Amino acid sequence: MLCLCLAACFLSTPLNGLSPSLSQVARDLGFDDKQRDIYLGAYMGIATMIGQMIGSCFSGVIADKYSRARLLIGALLVDSAATIMFSAPMTTLNIMLVLRVFIGGCQGIAVPVIFSLIGDFYGVENRATVSAIVSSFLGGGMMMGQLFVGYCLPHFGWRKPFVVLGLASLSAAAVLWRCLVDPLKGGNEAALEEMLDRGIALPPMSLAALLRSLAAPTTLLLIIQTVPNTVPWGVLSTHLHDLLATEAKLTIPEATSLIAIFGAGAAIGGIFGGILGAKLYAINRTYLPLFMGCTLASSALMLKTLLSLDLSQTAAIETAFPLLILSGSFAAVNGANIRVVFINLTSPESRG
């Protein structure tokens, strides 16, 4: 599990690294505020999303033919190189966009593979807890990268922190090279035990098997809900840090500290939300989606309240603390549980 947590964390660290430095990067590239929001906010997000979509589409096919462990290592190496190149002085907007496609693609490839490995390393009774822990490292990695850049920004500028993030991904790749091995596909499925014990391997993933998995009504609903669910969080993760530092007139360290509180809440909610989700799933499967929906809606309402506060006032900052912790905790519950639902719904050969 440690190897999967490392991969999840360090593949995510560059994703939000740009968020606290949007205004500084815009000045370096000669952009005004409107161009900053369009080019560095919207276009960077779109480039990352395109990379994630491409990576996700091909990850299952690639994982079916090659070692999943080596695939994760390769993703970390490419991610490391792209992150370091992102900070190069001669980097232009177009080059940055291409690099973001590669960074997003690495995560797009790796995340399905990570959760496919969870499905084969652990049985049904442990998957929810392990998935919650790994999911917290996915979110924690994004938060860690954002906080690292935010605290380094006043002292080292925005370029040098990306070099450190790239080297961290390289170090994680070295650990995985030494420690991570591929488990047997379907090795923790009780229904397949007899077949696997007789030495019969699972068939490779086919289009028919994939379509059967996607045709399940629950799977379709889970995929459809990602569209309205991810848009507001994408906007917040990109712009909230810079908004606090510019519109709310906070210093970069102050804005970074507020984001850290939200991140701490998300880490707590990711772990305990996953554990509680597993217990609810064991009692009655219908309780889990209700739990996920209620916590996500509550988080959105708390964030709406937070964004309406005048954070230049001391009293508002005091109100913001519990709102950030609770909204972060509730926002992370959905991500911690939705992946394990996917794992349980799909056959071993289709999980990637």
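The values are calculated or read from the model by the stated rules, or taken from the named source; none is laboratory data. On a predicted model such as this, the values are computed, not experimentally measured, just so you know. All Cβ positions, even for glycine, are placed from backbone atoms using ideal geometry, and neighbour counts span all protein chains on display. Heavy atoms of the whole protein, side chains included, go into the accessibility calculation; ligands, DNA and RNA do not. Shrake-Rupley method; radii C 1.70, N 1.55, O 1.52, S 1.80 Å.
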message: For the range 153-165: of the residues being part of a helix (DSSP H, G or I) and in contact (Cβ under 8 Å) with a residue 12 or more places away in the chain, which is surrounded by the fewest Cβ atoms within 10 Å (Cβ to Cβ)?
response: P154
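Does the range 298-316 hold any residues that are open to solvent by 40 Å² or more (accessible area, probe 1.4 Å) and within 19 Å of A266 (Cα to Cα), and which are they?
Step one: list which residues in the range 298-316 are open to solvent by 40 Å² or more (accessible area, probe 1.4 Å), which gives 298, 300-301, 304-305, 307-310, 312-315.
Correct list: S298, A300, L301, K304, T305, L307.
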- prompt: Can you tell me which residues in the range 235-262 are at pLDDT below 70 and either hydroxyl-bearing (S, T, Y) or in the same structural domain as H155 (by the TED database) (or both)?
  reply: S237, T238, T246
- line: Quick count over the range 81-120, residues being under 18 Å from L11 (Cβ atoms), of a type outside the set (A, V, I, L, M) and within 21 Å of the chain's Cα centre (by Cα), is 12
task: Name the helices (runs of 4 or more DSSP H) wholly inside the range 1-111 in which the number of residues that are open to solvent by 30 Å² or more (accessible area, probe 1.4 Å) and within 19 Å of D182 (Cα to Cα) is 2 or more.
output: 2-12, 44-65, 68-86
- prompt: Could we say that V130 is part of a helix (DSSP H, G or I), touching a residue at least 24 places away in the same chain (Cβ under 8 Å) and crowded, with 24+ Cβ neighbours inside 10 Å here?
  reply: no
field: Which listed residue is in contact with a Lys or Arg (Cβ under 9 Å, 6 or more places away or on another chain), polar (S, T, N, Q), on the phi < 0 side of the Ramachandran plot and at pLDDT below 85, from S19, S59, S87, S67
entry: S87
